[in-house]
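Chemist: Have a look at this one.
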Amino acid sequence: TGDSKRTANAIARELCLPTDRVIAEALPNSKVDLVRQLQSEGKIVAMVGDGVNDSPALAQADVGISMGTGAEIANEAASMVLVSGRVAGTCTALNLSRVIFRRIQLNFLFSMVYNVLSIPLAAGVFFPIFHTRLPPTIAAVAMALSSVSVVCSSLALRLYKPPDVTSQGSSIFQKRLPRILRLRQQYTQVCQNTLESTTIDDEETIEFKINIV
């Protein structure tokens, strides 16, 4: 981010991110250099941004994702635009892309098996065994059904439900949230409950210090 370190670290704490993964006060060239560094390590890089300063990095990344509510130049440089402008839509977009790719693989596998079995049958390869041939009309109908089945399989994507990535109570979030952070949340809640039930005078100061090992 191009924001100050104080702001960046505050946002990182809200997202439960370690501070060593935060790069603050970054110029546009710095963002491009970081993307190139990751790419030189053999990694596929996705960059998410919404500002003019993000445009060079969006263009350099393997997948550039911009916010629909951001700058127009960022939308032009990105390969994907989240119309809603919600950052959580990035997780939905990545999940949807995996679902679509798996559906493509399934359709390809089904079509290959279908044709590998149907073409020899239509050509009469099994005639010496079954002493029967596949009529041309049935072969034409079978070919049409192959295309219809693939289309219906693709239309099943309309039943897709995006994952709930905004709820901290979701199972996905809890599985990926480190145990130390869950402990920190529990102790924070204990401190809040204690403060709410304690009467503090103006001249008194209560200090809570918790060490988690």
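Chemist: PHE108 - would you say it is free of Cβ contacts under 8 Å to residues at least 12 places away in the same chain, more than 26 Å from VAL32 (Cβ to Cβ) and over 20 Å from the mean Cα position of the chain (by Cα)?
Modeler: For PHE108, the condition - free of Cβ contacts under 8 Å to residues at least 12 places away in the same chain, more than 26 Å from VAL32 (Cβ to Cβ) and over 20 Å from the mean Cα position of the chain (by Cα) - is met.
Chemist: Right, here's the next one. Give the number of residues within region 4-18 that are within 22 Å of the chain's Cα centre (by Cα) and open to solvent by 50 Å² or more (accessible area, probe 1.4 Å).
Modeler: So the answer is 6.
Chemist: Sticking with this structure for a sec: Any residue that is open to solvent by less than 30 Å² (accessible area, probe 1.4 Å), within 21 Å of the chain's Cα centre (by Cα) and either among the polar types (S, T, N, Q) or within 25 Å of SER97 (Cα to Cα) (or both) - is there at least one of those in region 28-40?
Modeler: Checked region 28-40: at least one residue is open to solvent by less than 30 Å² (accessible area, probe 1.4 Å), within 21 Å of the chain's Cα centre (by Cα) and either among the polar types (S, T, N, Q) or within 25 Å of SER97 (Cα to Cα) (or both).
Chemist: How many residues does region 99-145 contain that are basic (Lys, Arg) and either more than 23 Å from ALA156 (Cβ to Cβ) or open to solvent by less than 60 Å² (accessible area, probe 1.4 Å) (or both)?
Modeler: 1
Chemist: For the structure I just gave you, tell me whether THR1 is open to solvent by 50 Å² or more (accessible area, probe 1.4 Å), outside any helix (DSSP H, G or I), polar (S, T, N, Q) and touching a helix residue (DSSP H, G or I) at 6+ places or on another chain (Cβ under 7 Å).
Modeler: So THR1 fits the description; yes.
Chemist: So VAL87 fits all but one of (1) under 24 Å from MET67 (Cα atoms); (2) open to solvent by less than 60 Å² (accessible area, probe 1.4 Å); (3) not in a helix (DSSP H, G or I); what number is the exception?
Modeler: Exception for VAL87: condition (2).
Chemist: Another one. With the requirement that a residue be over 20 Å from the mean Cα position of the chain (by Cα) and closer than 21 Å to SER97 by Cα, what does region 60-79 give you?
Modeler: Scanning region 60-79 gives a single hit, GLU76.
The values are calculated or read from the model by the stated rules, or taken from the named source; none is laboratory data. Keep in mind it's a predicted model, so treat the numbers as computed, not measured. Using ideal geometry, Cβ is built from the backbone for each residue, glycine included, and neighbour counts are taken over all protein chains shown. In case anyone asks, the SASA skips ligands and DNA or RNA and just uses the protein heavy atoms, side chains included. Shrake-Rupley method; radii C 1.70, N 1.55, O 1.52, S 1.80 Å.
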